[in-house]
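Data first, discussion second: the structure below is written as structure tokens.
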Amino acid sequence: MRRARCWVLPTVVMAVACNGGLIGGDSKGDSPEGFPIGTDPSNPELDAQGRPIAGSGSQSDPSQGEPGRTDSDDSFGDARDVVDSMPGATVPAEAPSRFTCEQPERGAQAGAAMRRMTRDELVGSLEAVVGATIMQQGDVRAAIAAIPEETPGDIVKEFQNGHALEHAQGVMLTAKAVATAVMADDVARETLLGACANAPEQDCAAAFLDTTATRILRRPLDATRRANMLTDFDEDGGDAAAMERLLARVLQSPEVVFHLEPSGKTAPAAAPPPSTACEQPKPLTLAWDDETVFFKPNDASVKGPQRQLSESGWYVWEIPGDRIEAGYEGLELTVLAESTDDTALQLQVNVNDTPMMEGVELPPGMHTVKTEVAIPANQDLKIGVLAKNSSENLTAELQRVVLQPQPDQCMSDGSVAAPAPAVPAESESTDPDPWTIASRVAYALTGQGPDPDLLAAAARGQLASVDEVLPHARRLLSTPAARQQFEAILDAWLGLRTIPTPNDTIAEGAGIDPEGLAAEARRELLDYVTFMVFDLDADVSKLMNAPLGFPRSERMATLYGSAVATGEQPVELSEGHGGLLLRVATLLSGQYGASPILRGVYVRKRLLCDELPSPDFTIVEARETAVEESDPSVLTTREIMARITSPDACMACHTMINPIGFALERFGPLGEPRELEVAYSSDGMVVAEHAIDTFVDMPNLEIGGPDQLEGPEDLNQALSASAKVRSCIAERLYAQMHLRPVNDADMCVLAAVEQTLREGGTVKEAWVQTVVNDELFRSRAEVSP
Amino acid sequence: MKTSHLSRRMFLQGSGGALLAIPSMVSLLPRAARAQEAASAPPVRYVQWITNHGQFKQHFWPADRFAPNETEADTGVKFRPLSEISGPMSTVLSSAFDPFRGKMNVLRGLDLMASKNFHNACAPTCGSWPRVDNHIPEFSHSVDSILEKSSIVYPNTVAVPALRLTPGVASSFKWGSFCWTTKNGKPFKLPCYDDTGAALNAVFPKSGRAGGAGNGASERDRLTDQVIEDYRSVVNGGAISANDRQQLSNYMDLLADLQNRQSAAAPSCDAPDQVRENNFDALHENATDIAVAAMLCGATRVVAYHCFQGARNSYDEPTYHGWAHGDAAKHGPMQAYRYKHLAMMLEKMDAFTERDGNTLLDNAVVYSCNELSQPGHGSEHLEDMPVMLAGSAGGQLTTGNYIDFDDRLLNNLLITMFHVMGLTSPDDYEQRNVVGFGDYQGDNANRYRAWVSDAERRKPLPFLFKA
């Protein structure tokens, strides 16, 4: 009863009093207000999804929790302590693997038609190039809305690999609207069109095709198309209107609409590695987290690399002379400025304490600023960056610095290093070319096209092996886009976009506003999983069982019996919730009561990837009559369900379903913990309260699984040790990449990923493994002459 | 007729009790357009209005005491005038439909020949059921997809051959659309506009037809030509597989189709004003206005409309599904809410008088149905499908009756739709060597033996269809 009284209390204070343990906070006695250390105790503003709005301190810094970070650097140390204190769970030795590799020579993608871009992929790819400001404009958004939306259900099962007229029309409208918006925006025009921004002519149009268009198309244009485009540009007048048309044309190219993968047979030749062709140094790229150099971050409390720029002082790279193997004459600095009010960033750059750039104004968006500077070989180098913010709404992040070789050397244009013009080179190879590799990796892990670094590596021919690709894949995992992509996997896998809205009567009884709760519950689950996967590097065992959560509102905290999570730190869930299953999002019902059957089916089909045959609905209908005839004032839901599924025809499946659902009966229809079941009549009147029985025999989870479950905690523990859960995760990570169910040809990759997870590998590494493996370098389809 | 005080918003909104104040649409058309159109009779328009989660019988059919009680001698079809039914016809066919009793029919006794109890994505419009529980029909052609490609329906190019709408719901979701075709030999669910802004712009483009940069038709065409040329270059490049080449060729066909549509005549009226969409009532009001205006102004003759919300502020598929399986009390109001918007559409269609003196509704056939009959999809889940028709298709259909066809195939109703749209030859509508239209397989086949000869399959429904 204590718990039942606890969760309905509406205030944070009372929730804390009910043992809503706060990680790093109240439980240690050093935060009397009961909030996680270092967080603002004020309740953040929430958006429609229940997520704090930008600037409210809730966005996780993707740099956090990267491999190699020491405990002393770990901002999430308290959460990690909680997770580390959990009992370990290993897969029982007798539990069989689901996937075996029997035909390693068989390509998983052989014979498959290329996939069309989803709307999200298309829009995300465009946004990565033209910027969010352009994509948020009204006309552009209206045009995007004309592209048919993908299913909010399981896209792996429901995706159709074909276009209807509405797709083509929507893409055309979007390309046109984006082109118009770019031409009307001084900054975007200059960034994307370069010299053509103000005075278009053929040379700058050619440069556009060799730089920006390469980014949009993810590979250099072949010579014929490039020549045709330039001819048309001239015939269209060679003016601003012609430039707009050229941009609109590129934005609906086959490469934009499809995952086009021309074979190496006649694909554009990749740029030859500079060191071979020119015997000159490559550009030297230093990522912001390159630990081979010495850093002096802004924030004195931070050791090592720091992405964030601030006004608090110079941010300095000190590069030892032994890394400066040759002389350089150009410096490029890539900075991402983000603002909610269009405030510009003022940037100053010193090289060896000599000002090289002052007062460079950068509006929101990604920018590469360049300067010419002589950097001699073999001498220590110091690059200092100062960002001046005039607005609290502005943040700036360093992405990388690139030192460019002499102008007369190869790849001196500072672009993505595409050879221009690209000349098709005949080759008999049908292996995917480096551009294809770059695209495959980028779309799988970010849902967007390759970033400049990846394209540059493709241009250099440096994506030829797993070892060469892996660093890029891991780098991509630190981007916000990777988290979004992982969220897309979760949405499809767990059905998070079709969570029911709570029953009004039930919600009212609990003092919970049902409006928007489903969306908020979804957001909470996503925050939990991405935190575990990306920030704590969790393996399956921890992911499935950690008692952590991100309830961002009082109502969510009430349901969890916890405090409100106000920042990047999770709160501890001490009322039995946790893991992937025991959350509001997965337990929520739209009916008067939670359905043990639906919950059991959910676990079977979603978390264990079990196949359950469709029931004979004639029998189902007949048994529903039995439900109507059961008296909820006398029988518990468990008793009613056991009774109606008792016929042999039902039990073939329900022996697999019912025990799981019964074990979850300790959570009510809102996902709240309970010790009593409140029974309702069909018209919403309370007719009884029943004691709850969550003990089940023979849950039949899998070979090696438990013979009994005392309740949901045991079920969670069993799932955390489950071989099936691991194979299921492997399957879903892989299937999302191709947007189709897995088949026999996929077994080798799946077997390897499954094994990684069984051996305690992190989910993040398993995800990378689904993408970066030998299969990555195999042709998708035979080329026809 | 005082038209000058009425804003376009007002006349497109229509309203009960204000019909006398609503002008005929023809009075608002440009004079030249009127002169041109006066030469021919208004075309027949087809609307399929579909919803999901089945229909509890007690909420849809008139009470048993109002069962059809007269028999037409020639056909043996039972009927009863709807005017004889006192009070609202049913919970779903509420008093909102009363003004149209003389212009509508309620049909029962129409079945599909199904044996499996699966969820259905195209039973009402394809006349087909899935062979596995995946929502994909075996016969993947819906009526709208046939009509939109017919040169009989469209002797001239129009901008939107079929206006498909799923207001507020992504049509790619399981039940999201009851519009199917077959592409490259595989079932393909056709997308619908879930966004009314996109639908409005498709029918009434802000700056001409969908096209490229620049102004003027010739420039727009040029961009499309350039894009097609890029695709052709890749197709002919020789570096792709046959499958990929097919994909690109298909897309080129779509671009060419778009190009062709740019030559379509502009709608003969301006776009309707739209209200702020702060709830589902407003959403459907806007969507219905677009559909009605598109039909009225020559932009389309085929509309596929879906309504999936269950209340002014509620759309919750899993909960509705739960009601379908066990809560008829909640299911009834949900369906009544949906059909309220159908009544609104009828009202708007009936508010416009065309040049032949008929209203738009008179010159149309509005076919409403559901994914299933029995919500629990028991053994009779595709029997006695809940059909309501409105409009006489320009006098081709009888109206005003509650008709019981007593175990005939729904397929014949779809054949009836083709006939009223002018597709009277089997060559006009038959697909994949199937005689008739839809599925003619199922464990219940014996029950329908009288209706499955080639001749019977191709017949429109008797009594309803006036030859």
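Kindly evaluate A:L517 against the criterion of being within 13 Å of chain B (Cβ to nearest Cβ) and either surrounded by 24 or more Cβ atoms within 10 Å (Cβ to Cβ) or modelled with pLDDT under 95 (or both). Break it down into steps so the answer makes sense when it comes.
On the way: within 13 Å of chain B (Cβ to nearest Cβ): yes; either surrounded by 24 or more Cβ atoms within 10 Å (Cβ to Cβ) or modelled with pLDDT under 95 (or both): yes.
In short, yes.
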Worksheet item: Do the conditions hold for A:R219, that is, is it in contact with a helix residue (DSSP H, G or I) (Cβ under 8 Å, 6 or more places away or on another chain), of a type in the set (K, R) and within 10 Å of chain B (Cβ to nearest Cβ)?
Response: no
Practice prompt. State whether the residues of segment A:671-694 include one that is surrounded by 22 or more Cβ atoms within 10 Å (Cβ to Cβ) and of a type in the set (A, V, I, L, M).
Written response: no
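Is at least one residue of segment A:238-257 away from every other protein chain (no Cβ under 13 Å), on the phi > 0 side of the Ramachandran plot, among the small types (G, A, S) and assigned to a helix (DSSP H, G or I)? Give the derivation first.
To start, the set of residues in segment A:238-257 that are away from every other protein chain (no Cβ under 13 Å) comprises A:238.
From the residues that got through so far, the ones that are on the phi > 0 side of the Ramachandran plot too are A:238.
Keeping just the survivors that are among the small types (G, A, S) gives A:238.
Checking the rest, the ones that are also assigned to a helix (DSSP H, G or I) come to none.
No; the residues of segment A:238-257 include none that is away from every other protein chain (no Cβ under 13 Å), on the phi > 0 side of the Ramachandran plot, among the small types (G, A, S) and assigned to a helix (DSSP H, G or I).
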Worksheet item: Given the conditions (1) of a type in the set (F, W, Y); (2) in the same structural domain as B:P124 (by TED's automatic domain parsing); (3) out of contact with any His (no Cβ under 9 Å at 6 or more places or on another chain), and given that B:F463 satisfies all but one, which numbered condition is not satisfied?
Response: (2)
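Tell me, please, whether a residue that is assigned to a helix (DSSP H, G or I) and among the β-branched types (V, I, T) can be found in segment B:332-353.
First, pick out the residues of segment B:332-353 that are assigned to a helix (DSSP H, G or I): B:332-350.
Then drop every residue that is not among the β-branched types (V, I, T), which leaves none.
No, segment B:332-353 contains no residue that is assigned to a helix (DSSP H, G or I) and among the β-branched types (V, I, T).
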Worksheet item: Is it the case that segment B:332-355 has a residue that's buried (at least 22 other Cβ atoms within 10 Å of the Cβ), modelled with pLDDT under 95 and within 14 Å of chain A (Cβ to nearest Cβ)?
Response: no
Discussion item. Show the residue pairs meeting these rules: Cβ distance below 7 Å; 6+ apart or different chains; first residue within segment A:498-518 and farther than 16 Å from A:A557 by Cβ; second residue among the charged types (D, E, K, R) and modelled with pLDDT of 95 or more.
Written reply: A:I499/A:R522
Worksheet item: Just one of A:V564, A:V571, A:V603 is more than 13 Å from chain B (Cβ to nearest Cβ), crowded, with 22+ Cβ neighbours inside 10 Å, β-branched (V, I, T) and in contact with a Lys or Arg (Cβ under 8 Å, 6 or more places away or on another chain); which is it?
Response: A:V564
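For segment A:493-512, give me the residue count where each residue is more than 21 Å from A:R726 (Cα to Cα) and within 13 Å of chain B (Cβ to nearest Cβ).
Restricting attention to segment A:493-512, the residues satisfying the condition of being more than 21 Å from A:R726 (Cα to Cα) are A:497-512.
The next check asks that each one be within 13 Å of chain B (Cβ to nearest Cβ); those that pass are A:497-507.
The qualifying residues number 11.
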Discussion item. Take the residues in segment B:220-277 that are among the β-branched types (V, I, T) and within 7 Å of another protein chain (Cβ to nearest Cβ); name whichever of them is farthest from B:A291 (Cα to Cα).
Written reply: B:I240
Worksheet entry | B:E371, sole failed condition from (1) surrounded by fewer than 20 Cβ atoms within 10 Å (Cβ to Cβ); (2) modelled with pLDDT under 95; (3) of a type outside the set (A, V, I, L, M) | (1)
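Against the condition modelled with pLDDT of 95 or more and more than 10 Å from chain A (Cβ to nearest Cβ), how does B:S151 come out, does it pass?
Values: modelled with pLDDT of 95 or more: yes; more than 10 Å from chain A (Cβ to nearest Cβ): yes.
For B:S151, the condition - modelled with pLDDT of 95 or more and more than 10 Å from chain A (Cβ to nearest Cβ) - is met.
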Worksheet item: When you scan segment B:92-121, how many residues do you find that are touching a residue at least 60 places away in the same chain (Cβ under 8 Å), closer than 23 Å to B:V365 by Cα and of a type outside the set (G, A, S)?
Response: 15
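Is at least one residue of segment B:85-98 within 13 Å of B:N401 (Cβ to Cβ), out of contact with any Cys (no Cβ under 8 Å at 6 or more places or on another chain) and of a type in the set (G, A, S)? I'd like the intermediate steps shown before the answer.
Filtering segment B:85-98 down to residues within 13 Å of B:N401 (Cβ to Cβ) leaves B:85, B:89.
From what's left, out of contact with any Cys (no Cβ under 8 Å at 6 or more places or on another chain): B:85, B:89.
Filter once more, so that each one left must be of a type in the set (G, A, S): none.
Within segment B:85-98, none of the residues are within 13 Å of B:N401 (Cβ to Cβ), out of contact with any Cys (no Cβ under 8 Å at 6 or more places or on another chain) and of a type in the set (G, A, S).
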Worksheet item: Filtering segment A:222-234 down to residues that are among the charged types (D, E, K, R) and facing another protein chain (nearest Cβ under 9 Å), which residue is nearest to the chain's Cα centre (by Cα)?
Response: A:D222
Discussion item. I'd like to know if segment A:261-270 contains one or more residues that are at pLDDT 75 or above and within 14 Å of chain B (Cβ to nearest Cβ).
Written reply: yes
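Looking at B:L258, B:L254, can you tell me which residue is more than 17 Å from B:R312 (Cα to Cα), hydrophobic (A, V, I, L, M, F, W, C), assigned by TED's automatic domain parsing to the domain that holds B:I228 and without any contact (Cβ under 8 Å) to a residue 12 or more places away in the chain?
Numbers: B:L258 fails: without any contact (Cβ under 8 Å) to a residue 12 or more places away in the chain.
Going through B:L258, B:L254 in turn, the sole match is B:L254.
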Worksheet item: For A:G561, which of the numbered conditions (1) touching a His at 6+ places or on another chain (Cβ under 9 Å); (2) farther than 17 Å from A:E672 by Cβ fails to hold?
Response: (2)
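On the basis of being over 21 Å from B:C307 (Cα atoms), surrounded by 22 or more Cβ atoms within 10 Å (Cβ to Cβ) and away from every other protein chain (no Cβ under 13 Å), does B:A364 make the cut?
Details: over 21 Å from B:C307 (Cα atoms): no; surrounded by 22 or more Cβ atoms within 10 Å (Cβ to Cβ): yes; away from every other protein chain (no Cβ under 13 Å): yes.
The answer is no for B:A364.
Looking at B:M334, B:M345, B:M417 in this structure, which one is over 15 Å from the mean Cα position of the chain (by Cα) and hydrophobic (A, V, I, L, M, F, W, C)?
Details: B:M345 fails: over 15 Å from the mean Cα position of the chain (by Cα); B:M417 fails: over 15 Å from the mean Cα position of the chain (by Cα).
Going through B:M334, B:M345, B:M417 in turn, just one is over 15 Å from the mean Cα position of the chain (by Cα) and hydrophobic (A, V, I, L, M, F, W, C): B:M334.
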Item to complete: Go through segment A:304-333 residue by residue and tally those that are among the charged types (D, E, K, R) and more than 22 Å from A:Q379 (Cα to Cα).
Response: 2
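Determine whether segment B:428-440 contains at least one residue that is part of a helix (DSSP H, G or I) and surrounded by fewer than 18 Cβ atoms within 10 Å (Cβ to Cβ). Write out each step before concluding.
Let us first name the residues in segment B:428-440 that are part of a helix (DSSP H, G or I), namely B:428-429.
Those still in the list that are surrounded by fewer than 18 Cβ atoms within 10 Å (Cβ to Cβ) too: B:428.
Looking for residues that are part of a helix (DSSP H, G or I) and surrounded by fewer than 18 Cβ atoms within 10 Å (Cβ to Cβ), one finds at least one in segment B:428-440, hence yes.
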Practice prompt. State all residues of segment A:156-172 that are surrounded by fewer than 23 Cβ atoms within 10 Å (Cβ to Cβ) and aliphatic (A, V, I, L, M); if no residue qualifies, say none.
Written response: A:V156, A:A164, A:L165
Worksheet item: How many residues, within segment A:164-207, are within 18 Å of A:F233 (Cβ to Cβ), more than 12 Å from chain B (Cβ to nearest Cβ) and not small (G, A, S)?
Response: 10
Response to the item:
Apart from one, (1) surrounded by fewer than 24 Cβ atoms within 10 Å (Cβ to Cβ); (2) in contact (Cβ under 8 Å) with a residue 60 or more places away in the chain; (3) part of a loop (DSSP other than H, G, I, E, B) all hold for B:G176; the odd one out is (1)
Worksheet item: Going by the structure shown, is A:D631 in a loop (DSSP other than H, G, I, E, B), of a type in the set (D, E, K, R) and under 29 Å from the mean Cα position of the chain (by Cα)?
Response: no
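The values are calculated or read from the model by the stated rules, or taken from the named source; none is laboratory data. None of these values were measured; they are calculated from a predicted model. Glycine also receives a Cβ, built like all others from the backbone with ideal geometry; neighbour counts cover every protein chain displayed.
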